[in-house]
Structure formats: C-alpha cells, structure tokens
Amino acid sequence: KMLFGIKLFNYWFWGYICFLIFLITMINLILFGKPGSGKGTQAEFVKKKYDLIHISTGDLFRNNMSNNTDLGLLAKSYIEKGDLVPDEVTIKMLEAEVNTHPNANGFIFDGFPRTTVQAEILDQFLSTLNLSISLTIALEVDENLLIDRLISRGKDSGRADDQDRSKIQNRFNEYNNKTSPLINFYKIQNKFFKVNGVGDINDISARIFNTIDNNI
Ligand code: ADP
C-alpha cells in the first residue's frame, strides 16, 4: 500500500511518526513568579506528576557556591546583593544542565528565564533540540506576603539573600525591571497563565495541574 508515494510499511516512516508524537507529548514548562512565590515547592509536585526534569538556576548556583567552584564564586558576588547573575553565565549553565538529560520527557524551568535575552536564547536553544516551551505558569503572591515568607525561609535556611529586607527589596526591583517584561513575551505567544499562589500548598498544586491539563 502507498500513501503520498510513501510505503506504509516502511519502518523509517513509522519511526518518524512515533518521533513526532513523542515531540508533541513533551511538556516543557516555565514556572514564573517573584522571589518566594513558591516555584521550587510547586516544581517538585509538577515534576512528579508529569515525570519531568526540574531545573532550578537558583539551586544550580547554590550548589556551585557550596562547592566553591569558579562559577559559584562568580555568582556569589551577585546573589548576595540580590542582583541577577549576568545572562551569559546563567545561560551557559542552563544549556549545560539541559544537555545532561538527553532522554528527558520534558523540563520544568524554575527561575529561568529571568530576562528577555534569556527567554530569546532559551527559545533558540530549544529549537536546536526540536523542542519548545509549552506553557508558562506564573504564581501570583502579594509582595508583603512574600517578604514574610522570605524572612522566615532565611531563618531556617541561612540563605544570605533571604535575611535582609533591602536585599529582598532589590530582588523585587530586579524582577519588576528585568523579569516582568517576560509576561508579555509569553502572552503574545498565548503561553502565559496565572495561578493564585496563596493558600494551601496542595490547593495551589491542584490549580497548577488544572492549568496544565486545560492548556497543553
Ligand atoms: P528566588 O526565586 O527565591 O529569588 P532563586 O533560588 O530562584 O530564588 O534565585 C536566587 C538568586 O540566584 C537570584 O536572586 C539571582 O541572583 C540568581 N539567579 C537565579 N536564576 C537566575 C537567572 N535566570 N538569571 C540571573 N540570575 C539568577
């Protein structure tokens, strides 16, 4: 049997169809939100439910800092002030991390991208792997509540950037100036969805799962 000149029992043909189905079913998510909005916590739930690889640029920087790598020493000078780490450094680290998971079902990006340049390069990079962002989920929480959450996280974790109100305020400023333009970047692609990030942790997960299932 032939279809469009292609033999239907050609293994290459069916292999290609399976590959396309695989690409379509891949979910690549961005978890978006201000510092302390709960991205890391929720990423863990989403990762389990959809069998994704969780990549947190904040965690990657902190691992490098605690191992005193060159990258860690460089990042530390920015992170401790509450500034963003420069794009070139962050992007290189992220690409290296994605490349260590060639067989992933999909990725959940937490804390990346945080600037328009990072978002543009992420799209280009994913397209070289025949991948793309499926959707962006923003956790919405009021700044006053975030300050309380961050200060109490700083007491437990010892994170220097969580212990000082002026550093926290600087992180909000970095977010408002450099990260918030991404809302529009993903809105015009119809990939931006807001979720209320206040309430019971499990209720928030349920809101995220609904958003994913309804929009994927
Ligand atoms: P939070 O979301 O609570 O601010 P993260 O753990 O995501 O914490 O990030 C901690 C810090 O690491 C940020 O304040 C910033 O300095 C740095 N960082 C993390 N991700 C990025 C990024 N994509 N671009 C630049 N800097 C980053």
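The values are calculated or read from the model by the stated rules, or taken from the named source; none is laboratory data. Note that the structure is predicted; figures quoted are calculated from it, not measured. Because the Cβ atoms are built from the backbone with ideal geometry, glycine has one as well, and the counts that use them run over all protein chains shown. Heavy atoms of the whole protein, side chains included, go into the accessibility calculation; ligands, DNA and RNA do not. Shrake-Rupley method; radii C 1.70, N 1.55, O 1.52, S 1.80 Å.
Do you know which residues across the range 63-91 are crowded, with 17+ Cβ neighbours inside 10 Å and of a type in the set (G, A, S)?
Scanning the range 63-91 gives G72, A75, G82.
Any idea how many residues of the range 54-71 are in a helix (DSSP H, G or I), within 20 Å of E174 (Cβ to Cβ) and among the small types (G, A, S)?
1
Among the residues of the range 144-155, is any more than 16 Å from the ligand (Cβ to nearest atom), among the β-branched types (V, I, T) and farther than 28 Å from P102 by Cα?
Taking every residue of the range 144-155 in turn, none turns out to be more than 16 Å from the ligand (Cβ to nearest atom), among the β-branched types (V, I, T) and farther than 28 Å from P102 by Cα.
Could you tell me whether G158 is free of Cβ contacts under 8 Å to residues at least 24 places away in the same chain, within 15 Å of the ligand (Cβ to nearest atom) and within 21 Å of D59 (Cα to Cα)? Even if it seems obvious, please write down each step before you answer.
Values: free of Cβ contacts under 8 Å to residues at least 24 places away in the same chain: yes; within 15 Å of the ligand (Cβ to nearest atom): yes; within 21 Å of D59 (Cα to Cα): yes.
The answer is yes for G158.
Determine if the range 114-125 includes at least one residue that is touching a strand residue (DSSP E or B) at 6+ places or on another chain (Cβ under 7 Å) and surrounded by fewer than 17 Cβ atoms within 10 Å (Cβ to Cβ).
Within the range 114-125, the subset touching a strand residue (DSSP E or B) at 6+ places or on another chain (Cβ under 7 Å) is none.
For the range 114-125, residues touching a strand residue (DSSP E or B) at 6+ places or on another chain (Cβ under 7 Å) and surrounded by fewer than 17 Cβ atoms within 10 Å (Cβ to Cβ): absent.
Just one of N215, N177 is in contact with a Leu (Cβ under 7 Å, 6 or more places away or on another chain), of a type outside the set (A, V, I, L, M), exposed (fewer than 15 other Cβ atoms within 10 Å of the Cβ) and over 16 Å from K39 (Cα atoms); which is it?
Details: N177 fails: in contact with a Leu (Cβ under 7 Å, 6 or more places away or on another chain).
After applying the criteria, what remains is N215.
Which one of these is within 16 Å of G40 (Cα to Cα) and within 20 Å of the chain's Cα centre (by Cα): I212, I204, I133, I188?
Details: I212 fails: within 16 Å of G40 (Cα to Cα); I133 fails: within 16 Å of G40 (Cα to Cα); I188 fails: within 16 Å of G40 (Cα to Cα).
Matching residue, one of I212, I204, I133, I188: I204.
Has the range 155-170 got any residue that is open to solvent by 50 Å² or more (accessible area, probe 1.4 Å), out of contact with any Asp or Glu (no Cβ under 6 Å at 6 or more places or on another chain) and of a type in the set (V, I, T)?
Looking through the range 155-170, none of the residues is open to solvent by 50 Å² or more (accessible area, probe 1.4 Å), out of contact with any Asp or Glu (no Cβ under 6 Å at 6 or more places or on another chain) and of a type in the set (V, I, T).
Go through (1) more than 20 Å from F185 (Cα to Cα); (2) within 7 Å of the ligand (Cβ to nearest atom) for N103 and report which single condition fails.
Checking N103 against (1) more than 20 Å from F185 (Cα to Cα); (2) within 7 Å of the ligand (Cβ to nearest atom), the one that fails is (2).
Could you figure out which of (1) within 14 Å of the ligand (Cβ to nearest atom); (2) of a type in the set (A, V, I, L, M, F, W, C); (3) assigned to a helix (DSSP H, G or I) isn't true of F45?
The one condition F45 does not meet is (1).
Can you tell me which of L29, L52, L60, L94 is away from the ligand (no atom under 16 Å from the Cβ), within 14 Å of the chain's Cα centre (by Cα), at pLDDT 95 or above and open to solvent by less than 70 Å² (accessible area, probe 1.4 Å)? Walk me through how you get there before you give the answer.
Values: L29 fails: away from the ligand (no atom under 16 Å from the Cβ); L60 fails: away from the ligand (no atom under 16 Å from the Cβ); L94 fails: away from the ligand (no atom under 16 Å from the Cβ).
Every option except L52 fails the conditions.
Among the residues of the range 169-177, is there at least one that is touching a Pro at 6+ places or on another chain (Cβ under 8 Å) and charged (D, E, K, R)?
Narrowing the range 169-177 to residues touching a Pro at 6+ places or on another chain (Cβ under 8 Å): 171-172, 175.
In the following step, the residues that additionally are charged (D, E, K, R) were identified as 171.
Checking the range 169-177: at least one residue is touching a Pro at 6+ places or on another chain (Cβ under 8 Å) and charged (D, E, K, R).
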